[in-house]
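Derivation of every value follows stated rules applied to the coordinates shown; laboratory data play no part. If you're wondering where the values come from, they're calculated on a predicted model, not measured in any experiment. As a convention, Cβ positions derive from the backbone with ideal geometry for all residues, glycine included, and neighbour counts pool all protein chains shown.
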Amino acid sequence: MSKKILLVEDDKTTILLLHKFIEDLGYHIVKTVATGEEAIREVIKTSPDLVLMDIVLGGEIDGIDTTRQINEGYRIPVIYITSSTDSDTLKRALATNPAAYIVKPADKKELKSAIDLALLRHEMEEKLKDSELRFFTILNSIGDAVFVMDTADQITYVNPIAERITETTINKLIGRRFTDVMNIQYDGVYSGLDDATEDIFFNYFISKSGKKVPVDFSMSPIIDFNGLRSGSVIILRDDTERVSSELKLKDSYIQIKKAVDGIIRAMAQTLETRDPYTAGHQRRVADIAQAIAREMHLQEKEIEGIFMAGIIHDVGKICIPSEILSKPGRLSPIEFDLIKTHPQIGYDILKTIEFPWPLAEMVYQHHEWLNGSGYPRGLIRDEILLGARIICVADVVEAMASDRPYRAALGVENALAEIIDKKGILFDRDVVEICIKLFRELNYRMI
C-alpha cells in the first residue's frame, strides 16, 4: 500500500508540479489544502504518513506554526518545500525538527530522496520506540514484585512475588492504593569514613513480621498509543544483598556507567553513518580534550565527562543535510547559518537525558569564545563551562590539523600558532598553555 502524503500548498502551479512528481514516485496525495488550519484538520481526519508543507500560506498561521501544532499531537514527519531562505525563517523551521527543508523549485530527484529518507527514518524511530517500551517493561518485571496502578493510583494487578513480599494475598491488594499497602521509608548504613560516597543509603519497609526489609523500587508511567498516561508500574526488589554488600553497589555503578557510555557511543555512531568525517573528528577532539583535562589535574569524573561530551560535541549535525557537511567548497552564508545551529540542536537532543555530567551544556557551549563573539549565545569568560572551553580549543586544533572537505590539513604547528595568537581573547589561557605543552613537550600525537 502506497504511503499517504498531505500536501499543504497554495500556489496552483506548484501544486500541479508536485502532484505530477509524487504520482511518478509512486506515492499517493491523500489531500491538498491551502491553509494551516485545513492542514491540522486533515491530519486529524486522514492520518497521513508524511506532510509536504509550504511555509507561506493563506489563513492565520504559517507552515512553521502549523508544523509546531502537528508535532504537539502527532508523530508525523514534515518536509518543508518553500521559497523562504532567510536565516530567521530557517531557524524557526529547524526548531520544529523537520524531516527535510527543500528550496523551490523542487527537483524530482531531491524530492524523492527527501521523502524516502523521511519515511525510513520515521519507520525506524517508531520501531525503536516500540522495542524500547517492550524491553523496559520486561527488564523491570523479571524476578521482581510488580504493582500496576490505574490513573487513580489504585492497584489493578500484582504478580505472585508482590504477594510474597507484602505477605498479603492478591485479592486483598487489588483495589487498594499502593501507599496504603507499603510505607516506604529511608535509612542508611554509615561507613564511618570521611568520604560520604562510601555510605550506603537505602529504602525499606517494615514487614508484617516486624522485619526491616531494604528495597529498591522504581516507578514508571504507562503510556498509551496516543501518548497519554493510562497508569503506572512500580517495580519492587528486595535489596538486602545490596545493603550488606558495598561491592554490589560499586558493580551497579559500573553497569550504569557502561550503559551511559553505550548511549553516547551509539549517538556518535548514528552521526557517523551520515558523516564519517565528523565521527573521526569527534573522537580525536575527545582524545585531545581528555589529555588536556588530565594534564590540568581535574577530577577523574570531570575528565570522563569532558571526554564523553567531546565524543558527541557535533551530534547536532545529525539534522544538517549531509550535502552541506561534505561540501568541497566554501559554504554560503545561509549554509553557514544552518551549520551554526548544530550546538542548539545537540543541546535539544541531550537536555532531557540525565547524564552524570553536564553534557548538554558542554555541547551547547563548545563554539562560545571568551570575548562573546562565539555562538549560539555569545557567552563570555566564566559563563562558559571549563569543559566547553577545553573542547573548544581541542576542536580548533583538530580541525586545523586535519583534512577538511574543502581543504587539506594545515598542520599541527599552524593550529598551535592560531590558539596562541587568540589566547586570552577567544580561548582560555590556561587551556591553551596546557595544549601547547601536550604537543611540544609531552609529544602528544593525534591518531
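Observations, loosely collected:
- Ratio Rg/Rh, restricted to the range 71-117 and using Cα atoms, in which Rh is the Kirkwood radius: 0.98
- The C-alpha atoms of the range 327-379 occupy a region whose extents along the principal axes are 39, 26, 15 Å, arranged from largest to smallest.
- Each residue of the range 48-62 is assigned a 3J(HN,Hα), and the resulting list reads x, 7, 7, 10, 9, 10, 6, 8, 8, 10, x, x, 7, 10, 8 Hz, derived from the Karplus form 6.51 cos²θ - 1.76 cosθ + 1.60 (θ = phi - 60°), x at Gly and Pro.
- In percent, rounded to a whole number, the relative contact order of the chain is 8, using alpha-carbon pairs under 8 Å and six or more apart.
- Largest-first principal axis extents of the Cα set of the range 4-136 (Å): 48, 32, 30
- Exposure proxy ranking for E163, E354, based on other Cβ atoms within 10 angstrom of each Cβ and starting from the fewest, stands as E354, E163.
- The share of alpha-carbon pairs in the range 32-106 lying farther apart than 15 Å comes to 48%.
- When the Gaussian network model of the chain links Cα atoms closer than 10 Å, the mean-square fluctuations of I61, I264, I288 top out at I61.
- Packing-based order for 303-310, 291-298, using average beta carbon neighbours within 10 Å, highest first: 303-310, 291-298
- Bridgeable aspartates and glutamates around K423 (alpha carbons under 20 Å apart, same-chain partners fewer than 8 residues away excluded): E295, E368, D382, E383, D395, E398, E413, E433, E441.
- Using only Cα coordinates, the Kirkwood hydrodynamic radius of the range 251-440 works out to 16.7 Å.
- Distant-in-sequence amide contacts of H28, defined by a placed amide H-H separation under 5 Å and a gap of 5 or more residues or a different chain, comprise K3, I5.
- Unsatisfied cross-links (Cα-Cα over 25 Å) in the set K91/K351; K104/K127; K109/K351; K301/K351; K301/K437: K104/K127; K109/K351
- Rounded to the nearest 20 debye, the dipole magnitude of the chain is 700 debye, with +1 charges on Lys and Arg beta carbons, -1 on Asp and Glu beta carbons, and the Cα centre as origin.
- The alpha-carbon positions of the chain define a convex hull whose volume is 187 Å³ per residue.
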